[in-house]
Amino acid sequence: MDVEILARVQFAFTVAFHYIYPPLSIGLGLIMVIMEGLYLRTGNKLYETMTRFWTKIFALTFGIGVATGIVMEFEFGTNWATYSRYVGDVFGSALAAEGIFAFALESGFLGILLFGWNRVSPKVHFISTIGVWFGSMFSAVWIVVANSWQQTPTGFHIVGEGTNARAEITDFWAMVFNPSSVDRLTHVWIGAFLAGAFLVMSVHAYYLLKNRHVEISKKAFKIALAVAMVFSLGQLLTGHHSADGVAKNQPAKLAALEGHYDSLSVAHMYLMGWVDQEHQEVSGIKIPYGLTFLLHQDFETPVRGLNSFPEDERPRAVNAIFQFYHIMVAIGMTLILLSLYGGYLWWRGKLFDKRWLLTIFMWAVLLPQIANQVGWFAAEMGRQPWVVYGLLKTSDALSKVVTANQVLFSLIMFTMIYALLFLLFIYLLNKKIQHGPNDAELIDQRARQKEVAELFESKTPNA
């Protein structure tokens, strides 16, 4: 197999696997902040118990996420040496900022979050929870900024020529606030919040179906449902803003996302369909002139299609990009409907009366993860054949000495190791879920500790 295809498959695989965990960390961080904040405000020990429980799961996702993220940095040097040289100054600045402003903050407070429950005051522990969550949020900022610069590069100039050419930053803040970074960052953040919220609802729906930890599960489920209702609607807005940005800055990608070829015609919006790339046609369920209206607020303005771009400067796997994008949109709408229906039942006082709905919520944990994955696939495949849009093609970004056999061997090894890591993650996650929150145990333990302390004081002679 071609070395470029293998290198791309390897990087896609490692990124996709890694991207299971950071969204969960960010989303769970928000949920934990809300839970612990409610504990401080109300003094209700159930909120403390649920925070302790989800802190354990957060630690698991955080650990696996760190371990799987390191691999990608080595891949830049082994498989994509030309790319690393070209974007090194840009990525170096972003990754350095991540280390200084994000990872240091996150790791600095993580120890207090995990081990400080009985060692620091509740307020100090709450501050550590906020610090860890902010750290995970800031980490996403710099990763998304670096990736967004590849999509819409600004604030730089090119130094050198040929294989020695590299992008050098001339305006750091122009690089940070490139045309796509803010829209993409908010989209990523909200996707992470939804991943965390639906994981919490899934686990506590399971407990309610099993009639376990009922009181604590009802409270935790409502917290996560409130988060899901707010941010599922927010994701609709950020998605629309992102699409507008793609239409302006990456029209070839937009045309691929919608399977639109003819620049002389208006563009329909397909709810689902299939792209016949040979005949350049799309068949499926569509809203006539829908894309034209969203972009131009009329039904007559043509939308630039794929045929207006040189053949070697437009995405090739149009049907795959189309499918990934529409799966993401379909899941997004499903999450909105599911969250709002749950909110309606909550308002009616019937949220936990329907077992079939709890079953749906239990399995719906997969939906935000799938949406996050296919959304990234659509964004990255839609950028092709460019690795830095309009400047450096993917085929030119490869290392010159790496061979297909070397990449294939490392791909097989990574697949085996990541499969073991995933099985370990599922095993440990299931073990923690089966054990459940220590609500009764914690209350009894504190009562026993109080009794022992009182007994000890009563038997201690006065000085």
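Of note, residue 405 does not satisfy the criterion of being of a type outside the set (Val, Ile, Thr), part of a helix (DSSP H, G or I) and within 17 Å of the chain's Cα centre (by Cα). Among the helices (runs of 4 or more DSSP H) confined to segment 290-396, the ones with at least 1 residues that are within 24 Å of the chain's Cα centre (by Cα) and buried (at least 19 other Cβ atoms within 10 Å of the Cβ) are located at 318-348, 355-363, 366-383. Restricting attention to segment 107-159 and to residues that are of a type in the set (Val, Ile, Thr) and within 16 Å of residue 52 (Cβ to Cβ), the residue that is farthest from the chain's Cα centre (by Cα) turns out to be 120. Scanning segment 159-193 for residues being free of Cβ contacts under 8 Å to residues at least 12 places away in the same chain and within 30 Å of residue 400 (Cα to Cα) gives a total of 4. Pairing each residue of segment 310-329 that is basic (Lys, Arg) with any residue that is surrounded by fewer than 20 Cβ atoms within 10 Å (Cβ to Cβ) and at pLDDT 95 or above, provided the two are 6+ apart or on different chains, yields no C-beta distance under 9 Å.
Does residue 130 satisfy the condition of being touching a helix residue (DSSP H, G or I) at 6+ places or on another chain (Cβ under 6 Å), surrounded by fewer than 19 Cβ atoms within 10 Å (Cβ to Cβ) and in contact (Cβ under 8 Å) with a residue 60 or more places away in the chain? The answer is yes for residue 130. Yes or no: segment 234-241 includes at least one residue that is of a type in the set (A, V, I, L, M), within 20 Å of residue 337 (Cβ to Cβ), at pLDDT below 95 and under 22 Å from the mean Cα position of the chain (by Cα). Yes, because at least one residue in segment 234-241 is of a type in the set (A, V, I, L, M), within 20 Å of residue 337 (Cβ to Cβ), at pLDDT below 95 and under 22 Å from the mean Cα position of the chain (by Cα).
A quick yes/no check of all residues on (1) over 30 Å from residue 265 (Cβ atoms); (2) in contact with a Ser or Thr (Cβ under 9 Å, 6 or more places away or on another chain):
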residue	(1), (2)
332	no, yes
344	yes, no
355	yes, no
374	no, no
387	yes, yes
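Name the single residue, out of those in segment 72-82 being of a type outside the set (A, V, I, L, M, F, W, C), touching a Ser or Thr at 6+ places or on another chain (Cβ under 9 Å) and under 25 Å from residue 418 (Cα atoms), that is surrounded by the most Cβ atoms within 10 Å (Cβ to Cβ). Only one residue fits best here, namely 79. Among residues of segment 107-127 being part of a helix (DSSP H, G or I) and of a type in the set (A, V, I, L, M), the one that is surrounded by the most Cβ atoms within 10 Å (Cβ to Cβ) is 113. Residues being more than 11 Å from residue 90 (Cβ to Cβ) and among the hydrophobic types (A, V, I, L, M, F, W, C): count how many of those fall in segment 153-171. Within segment 153-171, residues that are more than 11 Å from residue 90 (Cβ to Cβ) and among the hydrophobic types (A, V, I, L, M, F, W, C) number 3.
The values are calculated or read from the model by the stated rules, or taken from the named source; none is laboratory data. All values reported here derive from a predicted model rather than from experimental measurement. Please note: Cβ atoms are built from the backbone with ideal geometry, for glycine as well, and neighbour counts cover all protein chains shown.
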